[in-house]
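> Would you mind keeping the following structure in view while I ask a few things?
Please treat every number below as a calculation from the coordinates, not as lab data. This one's a predicted model, so the numbers in the text were calculated from it and none came from an experiment. Methodologically, a virtual Cβ is constructed for each residue, glycine included, from the backbone with ideal geometry; neighbour enumeration extends over all protein chains shown.
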Amino acid sequence: MDSEKRMRGSCDAAAVAASVCPFIPDDVMMEILSRIPVKALMRFRCVSKHWSSFVFHPNLVKLHLQRSSKDNPILYTISEYGEYDDDAHSLHLSSPQRLLQNPPSVVYDHANGIPILSNYDIVGVCNGLVCLSRMHNDLDEIWVRFWNPATRLSSEESPSCYIECGCAKMAFGYDASTDTYKVVAAVMSDAKTHRIELRVLNLGDDCWREIARSSDDFPTEISQTKGMFLNGTLNWVAELGTGESKSYVIFSFDVAKETYTFLTLPNVVGEGFSELGVFGGCLCLYHIYRRESFTFWQMKEFGVHQSWTLLMNINYKYFQFPRYLIPRPLCLSADGNILILFLLFLVNIQSRKPNGSYELLVFISMAASLSLSLPWNLKAATTPLSLKLKCGAFSEGTCCLVHNDHDDMQALLQILPSDLHHNLLGQPNRSQLLEVVLDLGRFPEARYLGKHGGHYLRNTEVTVKELEYAEQAVGEFGEDNRAGIEGTLHRISAIRSRNGHIVGLTCRVGRAITGQIDMIYDLLQYGKSILFVGRPGVGKTTVMREIARVLSDELHKRVVIVDTSNEIGGDGNIPHAAIGGARRMQVREPSMQHRVMIEAVENHMPEVIVVDEIGTEMEAHACRSIAERGIILIGTAHGQKLENIIKNPSLSDLIGGIETVTLGDAEARARNCQKTILERKAPPTFDFLIEMRDRHYWLTHQTDKSVDMLLRGKSPQVEVRKRDEKCKVVVEKSKAYDKCQF
Amino acid sequence: MQKTEGEESKAENEEVKQVTLMTSDGVKMKVEISIVYEMEIVRSFIEVNDADHSVPFPLPNVSSHTLDLIIELVKNEYDDEFMKTFSHDELKEVLVAANYLNMKTLLDFIATAIANLLEKKSVEFIRNFFNIVNDFTPEEEAEIRKTNEWVFQDLDED
């Protein structure tokens, strides 16, 4: 062992000297970045163009959120600063501990405050993302914006939600199944009947959707101003019925399903002031009865009535503050059997300051500690602090990376009839939307990934006008009847009638999906040419895009993309960021693609050429000529399998070309075959051929070996690359080709 | 005890089983099975095939030097002090190898170590560390730095 160790030691020096910086795939990079605080990640956006967006990669955001500590509650407060400037408000993040130890430090900490506009109220905080709302001066409209204090990025103002009368009862929640943040507003839509309506806004959308009420029970009044988010639901205290039959319940709205249900309050809780909060990961209720008693309940198990537990019951006479104040719990900490409840009181003292603004006073009145073995021990610490604290919200989450990430859906919606927007945005599986089909005289149809058949978006036919409108919005179609939307990866294709009018449109959603590169990144390191085949929609173009980016940005190669219908780099003259530093050459006419390919080689000295949809013999020849110059080719071709390419006379050159050979009698007998056989003519242009059977199921051929085997009627050995349930790439070597069934 | 017998040709008959791994630079290394079991990629293969452990299992993406470091790390129960002697390249190689070998504890350990190393470092340090080319123009970079001034405070010396 010792001698072996020494021997190895001697090659260590050589190994270190020869080591080059290893290529770190994206998913491994995320392992590192997900453990780095948000502030540092914001700094790392400066590293390169790729990193500036990579930091907000959805997978990284999710991983970062999972790794963030949920242990330290954060107190969000808005306070006013500056004597006269009405607009100067700041949002602070602090901890309940700090508030207790040194209350002024929490609101006077201007150095660490985040300036925001005045008149914003905090609707709620979810995964560290803050939702702020603002009411119009006439009180008939309300709008929201989203704020991430950790990244200091904020969204634009949302469209406004109209309020007929009363005020909007809002709440902010998160649907983990679709990674969507939603704001729900319960508003009164009719002043006479007091009918309440629910409206929902998804973060990133531009419209409030109305949620259908089922005919039976619906609250007559939602008493709580801000709903509480827990377990994927938003919860408000609400009233059912009126007069004699009035009862109090919890109105619970499922953020993902957009349905509602009712939960019951503790049996003894009825008339009086009730409000919900979330403490210790449970729904809690505090109830004040006739300014006589204050009770605090915890629903230990969500939705289970029997689990309501009384944690605290104080007579009002122990409170050392005016009776008209409403105490609100701020924090609940379980420390052994000691339970501490902090109360924070907000009050607007009617003392007009010289400059005309109201001063808001905060009483931090009491810290009550409860030990199960001791009676209530109230530490009365009534110190009226003249703090200018406007409002507070409390979250058990922590700083996170959540980013106001607009998908490009809005751009696509612009060209579709406006009555379809609602339906498309409201679909829970909207992130799976593949395409929208508009055919004259038929119902508009949406197709989703992983679902067979379409889904009608409405039950009226598409009209000539709507198609004309779409045509105008898209702009000019190319000779191939395709067009893109500037700055996005969407593709619009037209079907024309004999006289040239558009009678059908296919609007294909283009997404800058990343994260497929790990399926083949080891193959890229060989520096060999790769051809991808597979049915339409399997993700060929997406892979092209990502390969272009990885080869150029991470492996530092000079990459040129010959982008026939602007599908890889998107429409517009500045290519989409998803291709990284690769250069893109547009093709004026699809039939000229082969010329542009040669032009790319002659003029721009590429090390890699990426070309989508090799379809003609001329293009196949251009590929051969490029490959012969030692340039790496990454391409796609029509066909589902390798056999399709072999049998396609215009494309067979890509895999070496096929010729008929007549054998001598002796040879034929020796081989025990017919006299005329098929043979591969030349070395293949592409060293590897990948059959994409499915998004996550790829077969890798070594082209020369596989073609030879297939021509002899045998089944070649292939390498299967697929993902397991955890999305980890699994490579199975030497599988028999004919046994590979997806 | 294991060390003296590791040399024996009949190692597979002894109590401490060893598996031979073949690294990218062609070195055959005998590794204790307890360490090999942390490598999911090898473990799944051994368990399914119950193979003859003397036939080297190829690891085309891991060099002998990296494998040495990994074995030492596992033997030392992920000792921070030992890891601090690693060069930047060694850290990255162990990281990539841990991912390839699917060693969860090691990946967690090494990713945390690198994250701690980078947390307070400047943008230039990060570029150097990962060998990333800055493709921003000086104007673009100045603009980003200006709008995000708050993130460039309290940094370590590179």
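> Take the cross-link list A:Lys557/A:Lys733; A:Lys681/A:Lys733; A:Lys192/A:Lys226; A:Lys647/A:Lys714; A:Lys641/A:Lys714; A:Lys540/A:Lys739 and give me the ones stretching past 21 Å between alpha-carbons.
A:Lys557/A:Lys733; A:Lys681/A:Lys733; A:Lys192/A:Lys226; A:Lys540/A:Lys739
> Need one number: nm distance between label points at B:His88 and A:Arg535, each 7 Å from Cα along Cα→Cβ, rounded to one decimal.
Going by the 7 Å Cα→Cβ label model, 4.8 nm.
> Then there's this: Determine, from the Cβ-Cβ distance of A:Asp708 and A:Ser247 and an R0 of 60 Å, the FRET efficiency 1/(1 + (r/R0)^6), rounded to the nearest 0.05.
0.15
> Same structure, new question: Rounded to the nearest 0.05, what FRET efficiency do A:Glu141 and B:Asn102 have when you use their Cβ-Cβ distance and R0 = 60 Å?
Result of the calculation: an efficiency of 0.65.
> Pop a pseudo-label 7 angstrom from the Cα along the beta-carbon direction at both A:Ser293 and A:Thr193 and give the gap in nm to one decimal.
Spacing of the two 7 Å Cα→Cβ label points: 4.0 nm.
> Modelled label-to-label distance, A:Glu468 and A:Gln306, 7 Å Cα→beta-carbon offset: nm?
Spacing of the two 7 Å Cα→Cβ label points: 6.8 nm.
> Below 8 Å between Cα atoms, with a sequence gap of 6+, how large is the relative contact order for the stretch A:258-318 in percent?
Once normalised by length, the contact order is 25 percent.
> As an exercise, use a Förster radius of 45 Å and the Cβ-Cβ distance of A:Glu602 and A:Ala411 to find the FRET efficiency, rounded to the nearest 0.05.
Between A:Glu602 and A:Ala411 the formula returns 0.80.
> Listed highest first by mean packing, meaning other Cβ atoms within 10 Å per residue, what order do B:113-120, A:140-147 come in?
A:140-147, B:113-120
> Give the order of A:Cys282, A:Cys507 when sorted by the count of other beta carbons within 10 angstrom, beginning with the fewest.
With the sparsest Cβ surroundings first, the list reads A:Cys282, A:Cys507.
> Mind checking the mean number of beta-carbon atoms from other chains within 10 Å of the Cβ atoms in B:144-152?
For peptide B:144-152, the averaged partner shielding equals 4.
> What is the mean number of Cβ atoms from other protein chains located within 10 Å of the Cβ atom of each residue in peptide A:249-257, rounded to a whole number?
Per residue, the average neighbour count from other chains is 0.
> I'd like the Kirkwood hydrodynamic radius of the stretch A:539-665, using the inverse of the mean 1/r over distinct C-alpha pairs, in Å.
Result for the stretch A:539-665 stands at 15.1 Å.
> Continuing with this model, one more query. Suppose a student asked you for the relative contact order of the stretch A:638-742, using Cα pairs under 8 Å spaced at least 6 residues apart; what percent would you report?
19
> Right, something else. In peptide B:115-123, how many Cβ atoms from other protein chains are near each Cβ within 10 Å, on average?
5
> Would you mind calculating the gained length between A:Met618 and A:Ala682 on full extension (0.36 nm times residue separation, minus the Cα-Cα distance), in nm to one decimal?
21.3 nm
> Moving on to the next point. Regarding the stretch A:447-575, what are the three Cα extents along the principal axes, ordered largest first, in Å?
The principal-axis extents, from largest down, are 53, 33, 24 Å.
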